[in-house]
């Protein structure tokens, strides 16, 4: 998941001001991006993985949501938030892109004649099999929610340094 900020096509005065203060800008933007990514990580765990999109059971999925520390290379700063991997490999199943097919699985009982589960309304349901749709994205909605927040944070940081 990435958000890109570009100054291509900007006014020459702005580009010269940025070039003159690039040594001060890159560490400041890196620090700001780390703070915003940490905020997004916490939001994903508390909002997206706590009953609204996916219900938390063991906490392994929420524990797999981690911030990727930001780093400056040349005139670019990259960072991010990742989820899945290790014991929570299944988290990647929930996040599908438009190019991917949604994963649908049929689940059948192994040691019984029927599956038994409790529905949302509290009733007990028995079934010979169930079809599960894994399309429950949690990272993409978080990115869309945080996009304006990240832009505003970076813009404020850059503006404060350029105003000095």
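In this simple spin-label model, placing a label point 7 Å from the Cα along the Cα-to-Cβ direction at both residue 72 and residue 160 gives a separation of 1.5 nm. Packing, as the average of other Cβ atoms within 10 Å across residues, places the peptides 22-30, 118-126 in the order 22-30, 118-126, highest first. Cut-off 17 Å, label point 7 angstrom out along Cα-to-Cβ of residue 132: give me the residues of the range 56-77 whose amide nitrogen falls inside. Residues passing the 17 Å test: 56-62.
Relative contact order of the chain, taken over Cα pairs closer than 8 Å and 6 or more residues apart, is 26 percent. Normalising the average separation of contacting C-alpha pairs (under 8 angstrom, six or more residues apart) by the number of residues puts the relative contact order of the range 105-164 at 26 percent. For the chain, a Gaussian network of Cα nodes joined below 10 Å ranks 93, 33, 15 by mean-square fluctuation, and the top entry is 15.
Derived from the Cα gyration tensor, the three semi-axes of the equivalent ellipsoid of the chain are 44, 14, 13 Å, largest first. Between residue 149 and residue 38, the simple spin-label model (points 7 angstrom out along Cα→Cβ) gives 1.4 nm.
Spatial offset of the range 107-164 relative to the range 19-78 amounts to 17 Å, using the alpha carbon center of each.
A short reminder: the numbers here are calculations on the coordinates, not readings from a lab. Note that the coordinates shown come from a computational prediction; the quantities given were computed from them, not determined experimentally. All Cβ positions, glycine included, derive from the backbone under ideal geometry; neighbour counts span all protein chains shown.
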